[in-house]
Structure formats: structure tokens, C-alpha cells
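Student: First the structure, which I've put down as C-alpha cells, then a few questions once you've had a look.
The values are calculated or read from the model by the stated rules, or taken from the named source; none is laboratory data. Every value quoted in this text rests on a predicted model; they were computed, and no experiment measured them. Counting neighbours? That spans all protein chains shown, and the Cβs are built from the backbone with ideal geometry, glycine included. The accessibility values were calculated without ligands, DNA or RNA, using every heavy atom of the protein model including side chains. Shrake-Rupley method; radii C 1.70, N 1.55, O 1.52, S 1.80 Å.
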Amino acid sequence: MALVTNVCDYEELAKQKLPKMVYDFYAAGVEDQWTLRENRELATARAAAAAETIMIYKDRNLVQQLIQRAEKAGYKAIVLTVDAPWLGRREADVKNRFTLPQNVMLKIFEGLDQGKIDKTNGSGLAAYVASQIDRSFSWKDIKWLQTVTSLPVLVKGIITAQDTRIAIEYGAAGIIMSNHGGRQLDYLPATISCLEEVVREANGRVPVFIDSRFRRGTDVFKALALGASGVFIGRPVLFSLAVDGEAGVRNALRMLRDELEITMALSGCTSVVLQPDPFLSELTSMYERSTEKGSVWVTMKRSSMKCQARLKKMAAKGEAVELRCLVRATDGKKNICTSLSAKEYLKFQASYATVLKAHMHALKKRERKDKKKAAEVEKIPEKAPKKQKKAPSSKKSAGSKS
Ligand SMILES: Cc1cc2nc3c(=O)[nH]c(=O)nc-3n(C[C@H](O)[C@H](O)[C@H](O)COP(=O)(O)O)c2cc1C
């Protein structure tokens with residue numbers, strides 16, 4: 001296999017390996033593919049500047065069953081896709097008469113008798129979606145979803161501040177900005193060009209994630225710098241899976257991560273603000289890496305997470321500043337941090353306590369720096385019991401571990 005040095009290399013290799021119909025289904029965009037090209041171009045041009053997805057099916061019972069299945073499988077959130085009530089006209093699929101091979105079915109529908117896509121003259125997928133999706137679904141369905149699951153419901157497919165405001169009003173736990181990788185409505189702008197307005201509207205109330213043509217660590221860095229809480233990727237996962245299975249996907253993610261770390265280092269950034277869950281998983285890895293040797297330091301402080309200039313502007317406008325809890329951790333090699341709202345804080349503390357308990361065996365008191373002095377203090381009572389000095393109490397920093 002040719003040497004893979006970045007995630008885009010997988011696309012070329014997958015093109016050689018996959019049947020044309022399948023490659024085109026993954027790779028192509030909608031109609032004139034303007035949005036697809038815009039995603040490509042802007043993803044690089046900005047360099048200069050700077051869970052289970054579900055759709056609402058007609059049969060609500062089917063939606064409920066899918067959600068229950070996701071809950072049982074341990075999914076952490078439900079993502080409601082709102083940009084695909086109609087399937088975009090993907091001409092490559094029409095030309096290829098795209099349909100699933102006989103022996104392949106939509107696994108998600110297994111046992112529910114809903115996964116058959118008929119062969120038609122055009123795209124079988126388009127016909128299938130047309131028959132199943134409830135095109136009359138509306139914002140109220142976010143509320144309905146909240147009645148059938150206790151998992152947070154994120155809304156995917158948003159690119160404007162107005163839709164962000166409405167989604168939050170209806171209880172969305174997060175926004176995933178997406179133009180479906182250029183596969184739905186042509187002439188939509190590249191998502192990164194709309195990121196700032198969406199982040200401004202969300203104003204820290206819910207996390208804002210983004211996808212559509214993020215292929216480099218520098219792309220991820222730009223999105224994080226513009227206020228995204230995280231970045232999702234679509235096709236790189238499919239292409240790397242097609243080329244090298246699970247190992248390919250792991251490699252694609254590792255390359256993106258390495259590129260991001262290099263970009264951060266070269267830009268003088270020591271850490272990015274993670275969501276609480278990824279922070280806790282990183283923290284767990286830090287503890288595991290330093291079970292035998294090393295220390296992990298965890299600190300917490302109150303922070304508005306805003307720079308002085310922004311705080312001044314907000315004060316001038318009389319806007320209230322939300323204070324959050326900034327949690328930082330380091331093992332000396334790597335720094336991570338997360339920012340918690342008052343609401344998130346209690347849940348975080350409970351999970352943090354579980355992580356600490358699981359690694360309790362490796363927690364120990366911080367060693368006194370001046371061993372000689374400490375030894376002398378211990379000897380004092382024997383030599384001069386009447387002039388006994390109070391020995392300094394040994395401190396143990398929160399969450400520190402040697
Ligand atoms: C083959 C394929 C199937 C997809 N199916 C869905 C889907 O069922 N639901 C959904 O919300 N998004 C779907 N997407 C869109 C992705 O979730 C994601 O938004 C998009 O691929 C991101 O762009 P990227 O591929 O350029 O990274 C699909 C994308 C591809 C390539």
C-alpha cells in the first residue's frame with residue numbers, strides 16, 4: 001500500500017479500491033457541487049485569516065425503537081438531522097442507479113423490517129428516503145424527542161444564527177453546524193464561514209460543533225479558534241475504513257490529532273478547551289499513563305472564559321458575564337482543560353470523583369521538598385521536648401498523584 005501521510009491520501013486509495021458506484025456515493029456532492037467545492041476552498045483559505053444520528057420518520061414508533069436501541073448500546077447523545085427532509089439530487093447516484101447490493105442492508109433497521117431499498121430507475125436511496133422521512137417535522141419535534149429520551153438532543157444541519165436561536169429555545173443541547181458535506185442543498189456557504197455568527201448566538205449556552213470538509217489539523221485549529229467546541233469528519237472515516245478497516249480509521253484520526261498538536265505547538269497554544277466528557281477521558285488516560293511514574297496536577301478556578309477586550313465591551317453594553325469553572329490538568333507533557341457552567345459542575349464532580357476513585361491506588365501525599373529539614377523537625381521532640389515546634393502539615397494537592 002502506498003504511504004499514507006494525511007487523511008486525503010485515503011480518498012485516492014479508496015477510489016482505486018471501491019466500486020465506482022460506492023465511491024461516487026461517498027464522494028460526490030449535490031447537483032453542480034458548488035457547496036462541495038466551497039467547502040474545499042474555504043477550508044484552506046481560512047488558514048490565511050486566522051452519536052447516533054436520526055431523522056424523523058413517519059412512523060414515530062420506529063424512531064422510538066431506534067432511540068431505545070441507541071440508549072442500550074451506550075450512546076451518549078441523540079443527533080437530530082434537520083437538513084435532509086428531502087434527499088439532495090445527487091446526480092452521480094442517479095447516473096450509477098445507486099442501490100445497496102443484495103447482501104447489504106441498513107444494519108440500524110435490522111429486526112425492524114424497514115431496511116429494504118428497492119431498485120428503481122434512479123437513485124434507490126432517494127426513493128427510500130422519500131417513502132420514510134416525515135417531511136412535516138418541525139422544531140416541536142425536538143421537544144417530542146426529549147419526551148422519549150433522557151439523552152441530550154443535538155441538532156445537526158444548522159448554519160445560521162437565527163436557526164441556532166430557535167434550536168436553543170426548543171431545548172437543543174448542542175448545535176452541529178453542517179451542510180451535509182455538500183450533499184444536500186447546493187450553493188450553501190462553507191460552514192466555517194458561518195461559524196462566528198453561530199458561536200456568537202449560542203453565546204456559551206450550548207456547545208457548537210462543526211463538520212463539512214475538515215481534512216487537516218490546521219482546519220480543526222481554525223474552527224476551535226473561531227469558537228467551535230469540536231469538529232466532526234465524515235468521508236475520511238469511510239475512505240480510511242474502506243482502505244484499511246479499523247486500523248485505517250485509527251490512523252486517520254491519529255494523523256489529524258498529530259497535525260492539530262503540531263499546529264498548536266507552532267502557534268504557541270498549550271491547550272484547547274475540551275468538552276467535559278473528552279476532558280475526563282483524557283484525564284483518565286493521563287492517570288493511566290502515570291500509574292508507575294509521574295504526576296498529574298488538576299487545578300480549578302473561576303473564569304469568564306473571555307478576554308479583557310470582550311469583557312470591557314460586554315460591560316459597556318451592560319451585558320451580564322457568566323462565570324464558569326475552568327478545570328486544568330497536566331502531566332508535565334500535555335495540558336488539557338475544560339470549562340463548566342454551574343449546571344455542568346455537579347455532574348462533572350460526580351464523574352471526576354469516579355475517575356479519582358478508580359485511580360486511588362496511585363494517589364499519594366506530595367513529598368516534602370526539604371527532606372533534611374523534615375527529618376530535623378521529626379527529631380526535635382526527642383532532643384528538646386519542652387521547646388517542641390509544630391511540624392508543618394503535609395499538603396496534598398487536589399487530584400495530584402505521583
Ligand atoms: C455516505 C454518506 C452518508 C451520510 N449519511 C448521513 C446520515 O444518514 N445522516 C446525517 O445526518 N448525515 C449523513 N452524512 C453527512 C455526514 O454526517 C457529515 O455531515 C458530512 O459527511 C461531513 O462532511 P465531510 O464528509 O466532508 O467531512 C453522510 C455523509 C456521507 C458521505
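Student: From the residues in region 47-82 that are modelled with pLDDT under 80 and more than 15 Å from the ligand (Cβ to nearest atom), which one is surrounded by the fewest Cβ atoms within 10 Å (Cβ to Cβ)?
Tutor: Here the answer is Ala48.
Student: Among the helices (runs of 4 or more DSSP H) confined wholly to region 155-249, which include 1 or more residues that are open to solvent by 10 Å² or more (accessible area, probe 1.4 Å) and over 30 Å from Gly268 (Cα atoms)? Lay out the reasoning, then the answer.
Tutor: Numbers: elements: 161-169, 195-202, 217-225.
Here the list reads 161-169.
Student: Among the candidates Ile176, Ile142, Ile166, single out the residue that is assigned by TED's automatic domain parsing to the domain that holds Ala51 and within 13 Å of the ligand (Cβ to nearest atom).
Tutor: Ile176
Listed here are the residues, each with its yes/no results for (1) out of contact with any Ser or Thr (no Cβ under 9 Å at 6 or more places or on another chain); (2) more than 14 Å from the ligand (Cβ to nearest atom).
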{"site": "Leu188", "(1), (2)": "no, no"}
{"site": "Arg205", "(1), (2)": "no, yes"}
{"site": "Gly217", "(1), (2)": "no, yes"}
{"site": "Leu226", "(1), (2)": "yes, yes"}
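Student: Cβ contacts < 6 Å: first residue assigned by TED's automatic domain parsing to the domain that holds Asp32, restricted to region 91-104; second residue surrounded by 14 or more Cβ atoms within 10 Å (Cβ to Cβ) and in a loop (DSSP other than H, G, I, E, B), any location; separation 6+ or different chain. Result?
Tutor: Going by the 6 Å Cβ cut-off, the qualifying pairs are Ala92/Ala28; Asp93/Ser123; Val94/Gly122; Val94/Ser123; Phe98/Ser123; Thr99/Ile117; Leu100/Ile117.
Student: Please verify whether region 265-279 includes one or more residues that are open to solvent by 60 Å² or more (accessible area, probe 1.4 Å), touching a helix residue (DSSP H, G or I) at 6+ places or on another chain (Cβ under 7 Å) and not in a loop (DSSP other than H, G, I, E, B).
Tutor: Checked region 265-279: no residue is open to solvent by 60 Å² or more (accessible area, probe 1.4 Å), touching a helix residue (DSSP H, G or I) at 6+ places or on another chain (Cβ under 7 Å) and not in a loop (DSSP other than H, G, I, E, B).
Student: Hey, another quick one. For region 321-330, does any single residue satisfy the condition of being open to solvent by 30 Å² or more (accessible area, probe 1.4 Å) and of a type in the set (Gly, Ala, Ser)?
Tutor: Applying the first criterion (open to solvent by 30 Å² or more (accessible area, probe 1.4 Å)) to region 321-330 yields 321-324, 328, 330.
Then drop every residue that is not of a type in the set (Gly, Ala, Ser), which leaves none.
No, that holds for no residue.
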